[in-house]
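Inspection log for the structure reproduced underneath, given as structure tokens.
What follows is calculated from the coordinates using simple rules that are stated; it is not laboratory data. Remember, predicted model here, so these are calculated numbers, not experimental data. Every residue, glycine among them, receives a Cβ derived from its backbone with ideal geometry; neighbour counts consider all protein chains shown.
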Ligand code: UDP
Ligand code: GLC
Ligand code: MN
């Protein structure tokens, strides 16, 4: 009788969506820097009360203290072999020689103790509960801002299966990846995504690449408030900056920034309030190694030399190279003020 009640309760929980053991959010970190991103992502999912399990795939390079912090946040921390495309030719076209290891992402299909999962890059941040993504089918994803007939592989819904995993590896051996990373393989393998089934197109608000804010600012002003997931896509990640938690000030190399300042601030606030205390527990008074540093002190921040002034020609060139000064003179607030003055 007692066990029957338990079974009924268990089923009810799952039906209710308040407790489910066979569905999980999955991320990946092959080193301590991406591990820090994953810690923030995991905390953001917990803060928004996900009912799903949290899983992280890590490479053997992730240090023991970082691994212990990950174990505090994730339900499962699984060490996997790092797969590398070694495809320098295609990766250099994206100016991202570091992305060959994203092949490691394919391991997520081996998590067959789950029936359905949502993969999220370690450089994503959740802004509200997104458990409704589990109503979608494999392979659901949002368009890539650079080529919207491809999906971006920073957020996608999938069903673990050894058969699919084998086919993906076979596909990559036979065809390679057109971008040298996982996104090229996945778009090749799930090649009818653009045209076959619109329900597999996730709204852009589930994978808002911060890059798109600057390529279509009025749309961001119109819809950006509905964003559920922000993706810090591109070479410069939130952890590439330093943050002074007391002054709430971010510093770093703003000319390379590709993030909206307020999302960057959300990331750093969560990192400093929820992740740094866990890192302290592991590292004690020692400075955090391998990129696990809290950020510079206010005196260091003040001693930074100001950015040199730029001619408008130089500034235009930088924009064309995707290197706008997003945290400085090309900040969202400045662009908005300029737009407002045009509209007046
Ligand atoms: N990644 C990793 N180690 C690396 C590079 C990438 O673990 O050295 C993982 C991490 O989860 C990351 C994802 O692969 O978020 C994709 O890489 P990234 O986010 O840098 O690509 P982008 O979205 O900028 O194109
Ligand atoms: C992309 C995606 C990222 C992927 C990379 C390599 O831009 O955002 O998730 O790993 O390309 O294919
Ligand atoms: Mn990413």
Assuming R0 = 35 Å, what is the FRET efficiency of residue 110 and residue 273, from their Cβ-Cβ distance, to the nearest 0.05? 0.55
Taking neighbour counts of Cβ atoms within 10 Å as a proxy for exposure, in what order, fewest first, do 56, 213 appear? 213, 56
When the chain is fully extended, how far beyond the present Cα-Cα distance does residue 195 get from residue 46, taking 0.36 nm per residue of separation? 50.2 nm
When 174, 281 are arranged by how many other beta-carbons sit within 10 Å of their Cβ, fewest first, they go 174, 281
Over the stretch 206-256, what is the relative contact order in percent, taking alpha-carbon pairs closer than 8 angstrom and at least six residues apart? 32
Most exposed to least, judged by fewest other Cβ atoms within 10 Å, 67, 248 sort to 248, 67
